[in-house]
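The structure under discussion appears below in the form of structure tokens.
The values are calculated or read from the model by the stated rules, or taken from the named source; none is laboratory data. All of these numbers come straight from a predicted model, not from anything done at the bench. Glycine also receives a Cβ, built like all others from the backbone with ideal geometry; neighbour counts cover every protein chain displayed. Areas reflect the complete protein model, heavy atoms only, side chains present, ligands, DNA and RNA absent. Shrake-Rupley method; radii C 1.70, N 1.55, O 1.52, S 1.80 Å.
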Amino acid sequence: MNALSLRGVVKTYGDDTHALGGIDLAVPQGDFFALLGPNGAGKSTAIGIICSLVTKTAGEVEVFGHDIDHEREHAKALIGLVPQEFNFNVFEAVEDILMNVAGYNGIRRAVAKRRTEKYLKRLDLWDKRRTQARNLSGGMKRRLMIARALVHEPRLLILDEPTAGVDIEIRRSMWEFLTELNSEQGTTIILTTHYLEEAEALCRNVAIIDQGAIVEQGAVAELLSRARFETFVLDVRGIPEASSDFAPFTVRSRDDGKLEVDVPQGETLNILFELMGRAGIEITSLRNKSNRLEEFFLKLVHRDEAAAGVAGGAGQ
Ligand SMILES: Nc1ncnc2c1ncn2[C@@H]1O[C@H](COP(=O)(O)OP(=O)(O)OP(=O)(O)O)[C@@H](O)[C@H]1O
Ligand SMILES: [Mg+2]
């Protein structure tokens, strides 16, 4: 059974903002799934629809086989959501936030207390249980959002950019926690992220969304094996003539005078050096541009502004 399935989901805000143009998505039970895409691609809109927070214009959504239109409450109860923006009451104490959400979900007080302790401990917030949420650091607030989403022990956990603004150390510990949750409790996890390395490190399957359409979907490992090139940035002396042919390499000139070269898998750089030498170009330095999944992603979304944003974001 699929944990989640979307068929022909369309969302138009107002008359003319076409956020989703009819997307299909299938996430198997137990999966660790990434929804990747540049800013404004439609990720949060899709998540809002799945969680019944945003009204869809058309299409069908099922959560573990339960249609969100016909069995809304049942479907909602199966989902834990960590939204992109903090949305807890900042004047409440950490443990009260969890207890109140448990109460809202109809969980008995004794059970709620046990789970509050369990998740606050696992997310390293137990010492802060009596602290008002506004006095937590950014990384602690993110972890509080995760703990809150887990109190009703959902079968599907959806995280909208859970590691935005979180430092490397806390990001790693969140990765560890999510991996454990997925493998030990069997919780299906879907996350959106701008950090491609995050999808690569954590997720089994991925869908890439751009301008409201799914442009690619499949196993991360399989997508990587299809990303059959690596991109290098070269400092050079000399400028290639417009007519120069460097096949099988693809060479692009950049505004800063450097060259970008796609090197297909199996080709050696020696041949590139030789071709460049014959064209009168001397390579003075060479570096790897970024990881393969990132390159592949940028090729798919074909947008310069996305290229700048994603490449910058991944390096933070
Ligand atoms: N409440 C809203 N009213 C009108 N337009 C909206 C609303 N929410 C989102 N949009 C528009 O829908 C499109 C998709 O936005 P969405 O927030 O789903 O993107 P996203 O992929 O989550 O982006 P980001 O990575 O920046 O969070 C954008 O063009 C956005 O401006
Ligand atoms: Mg978003």
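Please specify each residue of region 78-106 satisfying the condition of being of a type in the set (F, W, Y) and either open to solvent by 40 Å² or more (accessible area, probe 1.4 Å) or free of Cβ contacts under 8 Å to residues at least 12 places away in the same chain (or both). The answer is F86, F91, Y104. Restricting attention to region 36-53 and to residues that are aliphatic (A, V, I, L, M) and at pLDDT below 95, the residue that is nearest to ligand 2 (Cβ to nearest atom) turns out to be A41.
In region 21-33, the count of residues that are of a type in the set (D, E, K, R) and either more than 19 Å from P154 (Cα to Cα) or outside the structural domain of N135 (by TED's automatic domain parsing) (or both) is one or more. Exactly one residue among A75, A26 is surrounded by fewer than 18 Cβ atoms within 10 Å (Cβ to Cβ), small (G, A, S) and either within 16 Å of ligand 2 (Cβ to nearest atom) or more than 28 Å from L136 (Cα to Cα) (or both), and that residue is A26. Considering the conditions (1) of a type outside the set (D, E, K, R); (2) closer than 30 Å to D24 by Cα; (3) part of a strand (DSSP E or B); (4) in contact with a Phe, Trp or Tyr (Cβ under 9 Å, 6 or more places away or on another chain), N182 is excluded by exactly one of them, (3).
Checking each residue in region 230-267 for being touching a residue at least 40 places away in the same chain (Cβ under 8 Å) and either open to solvent by 60 Å² or more (accessible area, probe 1.4 Å) or over 18 Å from I283 (Cβ atoms) (or both) picks out E230, R237, I239. Scanning region 170-211 for residues that are hydroxyl-bearing (S, T, Y), under 20 Å from L36 (Cα atoms) and surrounded by fewer than 20 Cβ atoms within 10 Å (Cβ to Cβ) yields a single hit, T179.
With respect to (1) part of a strand (DSSP E or B); (2) within 16 Å of ligand 1 (Cβ to nearest atom); (3) among the small types (G, A, S); (4) surrounded by fewer than 22 Cβ atoms within 10 Å (Cβ to Cβ), the lone exception for A34 is condition (4).
Could you list, in sequence order, the residues of region 144-169 that are at pLDDT below 90 and surrounded by fewer than 23 Cβ atoms within 10 Å (Cβ to Cβ)? Of everything in region 144-169, those that are at pLDDT below 90 and surrounded by fewer than 23 Cβ atoms within 10 Å (Cβ to Cβ) turn out to be T163, A164, G165, V166, D167, I168, E169. Among the candidates K121, K141, the residue that is assigned to a helix (DSSP H, G or I), open to solvent by 70 Å² or more (accessible area, probe 1.4 Å) and out of contact with any strand residue (DSSP E or B) (no Cβ under 6 Å at 6 or more places or on another chain) is uniquely K121. If you go through region 54-64 one residue at a time, do you hit one that is in a loop (DSSP other than H, G, I, E, B), at pLDDT below 95 and within 16 Å of ligand 2 (Cβ to nearest atom)? No, every residue in region 54-64 fails to be in a loop (DSSP other than H, G, I, E, B), at pLDDT below 95 and within 16 Å of ligand 2 (Cβ to nearest atom). Output yes when any residue across region 107-118 is open to solvent by 80 Å² or more (accessible area, probe 1.4 Å), at pLDDT 95 or above, away from ligand 2 (no atom under 16 Å from the Cβ) and not in a helix (DSSP H, G or I), and no when none is. Scanning region 107-118 turns up at least one residue that is open to solvent by 80 Å² or more (accessible area, probe 1.4 Å), at pLDDT 95 or above, away from ligand 2 (no atom under 16 Å from the Cβ) and not in a helix (DSSP H, G or I).
The residues on offer are L123, L144, L159, and the sole one that is closer than 20 Å to A102 by Cα and within 16 Å of ligand 2 (Cβ to nearest atom) is L159. Note on region 219-236: residues that are of a type in the set (D, E, K, R), at pLDDT below 90 and touching a strand residue (DSSP E or B) at 6+ places or on another chain (Cβ under 7 Å) amount to 2.
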